[in-house]
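Input: a single structure, listed below in structure tokens.
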Amino acid sequence: MSDERFCLLIIGGYGTFGGRLAQLLGEEPRLRLLVGGRSLEKADDFVADLRTPKDGAEGLGSNNLGALVQAVAFDRDGDLPEQLTRMRPHLVIDASGPFQSFGKDGYKVAEACIDLGIDYADIADSTGFVAGIGGLDAAAKAKGTFALSGLSSLPALSFAALEAMAPHFSRIDSVAAGIAPSAHVKIGLNVVRAIATYAGKKVPVLRNGQPAAGRGLIDAMRVTVAPPGVKPLRSRTFLLVDAPDLALLPARFADLKSSFTGVGTEPQPLQHLLSLASRLVHLRLLPSLLPFARVLQRASHAFAVGEHRGGMFVRVGGVDHAGERLSCGWHLIAEGDDGPFIPVIGVDALVRRLLTGVRPESGARPAAGELRLEDFEAAFRRFQITTGIRMENEAARQPLYRQILGSAWERLPPAISALHAGGARVASGRARIERGGGLLARIVAGVIGFPRAGEDVPVTVRFVPDGDREVWTRDFGGKVFCSWQVEGKGRDRHLLAEVFGPFRVLMALVPDGEKLRLVVRGWRFCGIPLPMFLAPGGDTYEEERDGRFHFHVEIGGRLTGLVVRYTGWLVAE
């Protein structure tokens, strides 16, 4: 094996997260990658699978290995100095866990690495473990090595997002963060065990600026994860989890009054049952949920229903530099199987920086603030991962569409952004109208007041602001019908709500090249939620064509068929 390569040992290298890290780094030709664990057989099988080409695969998982990959047996309870001396890694990544259960000898791997002058990092999510790594700081500095703990979603990525938002504030009062995994991701047993250790137990948080005892998997907050310009996740409840951020935030923000870290899983009814079980622990009717960890894992796998998308948020509240109240949120959505790579992307970024000669300062410390948001976003571009920041300042309310789109507003073509610039305005043009022929479609169209079918029909649209909503009055050749639009509240946050008579349709605003798509995400009748599979559908979008605003509105459903379709163009008067 060539000594010219940078040697990296991944402990737990064939596990849930270690395996994904091996996938990420396996294509890097400057690496010698040691995939380690107690079972050499499992490590061998994993490496063999990593090397096996997948038909039609591209990018990650294509198995175009550039790294020199080797399976090794590594026992964290064995003779650590002997194993590390024999393998001679430059960097050890501990991706095993659960770190909550390591006990008094929890740092023995980090200590052995420091003694031998080997750099160390882990993806620990245990508050005590991450916060306590500083006890090795003097020893690491004396050896000229670094030991970074918690190089994962919480706290490394969450703090990177925090640092990106902090310059907008003169004072930060509250911080909340949460992870929303896809229901279709197979959660590892160690992850479930880690969560079970504090279910129903006391979790240290801040309330009103004072240390307080939260209740693990019982205390909750509702959040809609919604990066600007993409379909948001469905609004969900996040349950309090014990994450390193809770211990690290007060030292970073001296004026902090409240803190929260949570997890929001799907399906939500299953999460509600988990919260009820946690209450039994809190009431001391059960000693712990840890004995039920395997049952909980199997249940999460058996009830994998819902969208195959995951997400994360970091929300900050405080005062801006003008003295006004400001809230700011960083949001992330990962499509499909890309979400489980997020916890190891920080390690991937660290390794690639090391390969270019950029090295962390010597010493042992939590990884919070070690990487910038830009480091993560560079890695996100290899995946279907979208992130963005939303800022909400009540004193400087934006026009409706700009408020909902956030930073994605800047991606709109000029003709679309001009039409939604806010204020009272009028636009006129021509339209083609089609109507559905079914009885139910005709009834719905009559109730709402949709125009009759016609070709080259003159159309005028008046936009009138009315508080936080916007009234649209459409005149198609003398046939007038109205609707009003507003940003959704509560569980409908970050969605555009359009009201036609008794119907309220909730839509995501999604820029797509020269188009702005309006994607239905829910609907109500007289305030009553209706089944999504019966929601009005159709291809609805606005676009700029030849410098002019064009619209394409299609409304229909499973029961009604096509109700109405109108297409055409508008020019502001």
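The values are calculated or read from the model by the stated rules, or taken from the named source; none is laboratory data. Nothing here was measured: the structure is a model prediction, and the numbers come from that model. A quick note on method: Cβ atoms are made from the backbone with ideal geometry, for glycine too, and the neighbour counts reach across all protein chains shown.
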Do any residues in region 515-536 that are more than 18 Å from Arg565 (Cβ to Cβ) and modelled with pLDDT of 90 or more have Cβ atoms under 6 Å from those of residues that are of a type in the set (Lys, Arg) and assigned to a strand (DSSP E or B), where the two are at least six apart or on different chains, and which pairs are they? Arg524/Arg504
Single match in Gly216, Gly262, Gly209 (criterion: out of contact with any Gly (no Cβ under 7 Å at 6 or more places or on another chain) and under 28 Å from Gly134 (Cβ atoms)): Gly209
List every residue pair whose Cβ atoms lie under 6 Å apart, where the two residues are 6 or more positions apart in sequence or sit on different chains, the first residue falls within region 179-201 and is of a type in the set (Ser, Thr, Tyr), and the second residue, located anywhere, is modelled with pLDDT under 90. Thr197/Gln100
Among the residues of region 557-573, which ones are closer than 15 Å to Ile416 by Cβ, out of contact with any His (no Cβ under 9 Å at 6 or more places or on another chain) and either of a type in the set (Val, Ile, Thr) or surrounded by 18 or more Cβ atoms within 10 Å (Cβ to Cβ) (or both)? Val571
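How many residues does region 478-495 hold that are within 25 Å of Glu573 (Cα to Cα) and either touching an Asp or Glu at 6+ places or on another chain (Cβ under 9 Å) or surrounded by 15 or more Cβ atoms within 10 Å (Cβ to Cβ) (or both)? Give the derivation first.
If we filter region 478-495 for residues that are within 25 Å of Glu573 (Cα to Cα), which is where we start, we get 478-486.
From what's left, either touching an Asp or Glu at 6+ places or on another chain (Cβ under 9 Å) or surrounded by 15 or more Cβ atoms within 10 Å (Cβ to Cβ) (or both): 479, 481-486.
Summing the residues that are within 25 Å of Glu573 (Cα to Cα) and either touching an Asp or Glu at 6+ places or on another chain (Cβ under 9 Å) or surrounded by 15 or more Cβ atoms within 10 Å (Cβ to Cβ) (or both) in region 478-495 gives 7.
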Per the filter on region 230-271, residues assigned to a loop (DSSP other than H, G, I, E, B), small (Gly, Ala, Ser) and over 14 Å from the mean Cα position of the chain (by Cα) are Ala243, Ala254
Quick one: in region 449-462, of everything that is surrounded by 15 or more Cβ atoms within 10 Å (Cβ to Cβ) and in contact with a Ser or Thr (Cβ under 8 Å, 6 or more places away or on another chain), which residue is farthest from Gln485 (Cα to Cα)? Val459
Within region 221-272, track down each residue that is in contact (Cβ under 8 Å) with a residue 12 or more places away in the chain and of a type in the set (Gly, Ala, Ser). Ala226, Gly229, Ser235, Ala243, Ala247, Ser258, Ser259, Gly262, Gly264
Regarding region 376-393, can at least one residue be identified that is at positive phi and without any contact (Cβ under 8 Å) to a residue 12 or more places away in the chain? no
Can you name every residue in region 319-341 that is surrounded by fewer than 22 Cβ atoms within 10 Å (Cβ to Cβ), of a type in the set (A, V, I, L, M, F, W, C) and part of a strand (DSSP E or B)? Val319
First in region 306-318 and over 16 Å from Phe238 (Cβ atoms) and in a loop (DSSP other than H, G, I, E, B), second anywhere and at pLDDT 95 or above and aliphatic (A, V, I, L, M), Cβ under 6 Å, 6 or more apart: none
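Please find, among Ala140, Ala131, Ala124, the residue that is over 15 Å from Leu33 (Cα atoms), at pLDDT 95 or above and either outside any helix (DSSP H, G or I) or touching a helix residue (DSSP H, G or I) at 6+ places or on another chain (Cβ under 6 Å) (or both). Reasoning before the result, please.
On the way: Ala131 fails: at pLDDT 95 or above; Ala124 fails: at pLDDT 95 or above.
When all the criteria are applied, what remains is Ala140.
Within region 299-310, can one find any residue that is in contact with a strand residue (DSSP E or B) (Cβ under 8 Å, 6 or more places away or on another chain) and under 29 Å from Glu370 (Cα atoms)? It would help to see each step written out before you state the result.
We begin by selecting, within region 299-310, every residue in contact with a strand residue (DSSP E or B) (Cβ under 8 Å, 6 or more places away or on another chain); these are 308-310.
Restricting the remaining residues to those that are under 29 Å from Glu370 (Cα atoms) gives 309-310.
Yes - at least one qualifying residue is present in region 299-310.
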If we ask which residues in region 497-538 are in a strand (DSSP E or B) and either touching a strand residue (DSSP E or B) at 6+ places or on another chain (Cβ under 9 Å) or buried (at least 18 other Cβ atoms within 10 Å of the Cβ) (or both), their number turns out to be 27
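If a residue must be among the acidic types (Asp, Glu) and modelled with pLDDT of 90 or more, how many such residues does region 376-392 contain? Please lay out each step first, then the result.
Taking region 376-392 and keeping what is among the acidic types (Asp, Glu), we get 377, 392.
Next, only the ones that are modelled with pLDDT of 90 or more stay: 377.
Of the residues in that region, 1 qualify.
For region 1-93, list the strands (runs of 3 or more DSSP E) that sit wholly inside it and hold at least 3 residues that are over 29 Å from the mean Cα position of the chain (by Cα) and modelled with pLDDT of 95 or more; which are they?
Hits in region 1-93: 31-37, 68-73.
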Condition met for Gly369 (on the phi > 0 side of the Ramachandran plot, surrounded by fewer than 17 Cβ atoms within 10 Å (Cβ to Cβ) and out of contact with any Gly (no Cβ under 7 Å at 6 or more places or on another chain)): yes
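Being surrounded by 15 or more Cβ atoms within 10 Å (Cβ to Cβ), in a helix (DSSP H, G or I), within 27 Å of the chain's Cα centre (by Cα) and among the polar types (S, T, N, Q) is true for just one of Gln403, Gln398. Which residue is that? Give the steps one after another, and end with the answer.
Numbers: Gln398 fails: in a helix (DSSP H, G or I).
The match here is Gln403.
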